[in-house]
Amino acid sequence: MKNIKNSLRIAFLCVKLEPRLLISPGIRMFLQTIGAVLPVYFTSVIVKQYEIGDPLLDIVKTILLFTVFFFLVDITYRIVYAVDDWARINFRAKFQNLTFKKIKEIDYEMHEKTTFLNDFTRVVDGGYRDAYNCLNALSYAVSSIFSVTALFAIFATVHYLILVFAVAMAVINIYLQRRLVKLNYNLSQMQQQNFRERGYIRRMFYLKDALEDIKTTNIDELLLEINDQVGDR
């Protein structure tokens with residue numbers, strides 16, 4: 001329950017910083033529902049045409065209509081992903097701006113947790129990506145509920161065994177998805193650690209080269225000045 005609340009809070013933060021992030025999930029939810037329901041509908045139409053003895057030309061027209069429709073859906077998907085990339089770039093800038101501003105408001109001496117600064121640095125480095133993925137996961141869950149409900153409604157009108165088969169496949173899919181999410185998370189954590197270690201090695205060489213300047217420079221004032229410049233961009 002706590003994880004769900006945190007996910008909703010992160011999703012609301014994403015929408016608050018960049019409201020245009022709601023455009024693509026809403027359209028994708030609509031397209032996913034259509035993409036799940038209409039193939040079943042078109043197939044039933046073609047089967048009925050064949051059973052009642054419609055001319056072959058009418059059946060071919062139905063198939064062509066089905067093909068053109070899904071071609072248009074594919075084009076719409078591409079447009080939605082382009083809009084989503086644009087909104088994601090804006091969200092990344094706003095999220096990092098927000099985290100940089102929070103740095104100046106933190107009293108580091110009041111924090112007893114030794115890993116606090118490291119955790120906050122991780123938020124600055126890749127927090128926008130995790131927040132964006134959280135919003136995407138929630139929108140995917142909602143769209144899946146809509147599309148699966150519509151499919152179950154259609155299956156129930158055809159035959160109850162189809163509905164039983166669909167439920168069994170859904171349970172298997174949920175189990176596999178959970179395993180896949182865990183594997184992806186573990187892999188991303190390993191990759192992130194490697195990225196951070198590589199970044200630390202680069203910074204170590206930079207610090208070594210600039211050691212003489214660091215000895216005569218007020219680092220606190222310099223870092224705050226850099227953060228102010230980044231926030232003004």
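Values in this text are rule-based calculations from the coordinates and carry no lab data. These numbers come from a predicted model, not from an experiment. All Cβ positions, glycine included, derive from the backbone under ideal geometry; neighbour counts span all protein chains shown.
When peptides 178-186, 141-149, 87-95, 59-67 are sorted by average Cβ neighbour count within 10 Å, with the highest value leading, the order is 87-95, 141-149, 59-67, 178-186. In terms of its alpha-carbon gyration tensor, region 39-94 comes out prolate; a/c meets the 1.5 threshold, and the first ratio a/b outweighs b/c.
Give me the percent relative contact order of region 7-96, please, defined on Cα pairs under 8 angstrom at least 6 residues apart. Here the relative contact order equals 52 percent.
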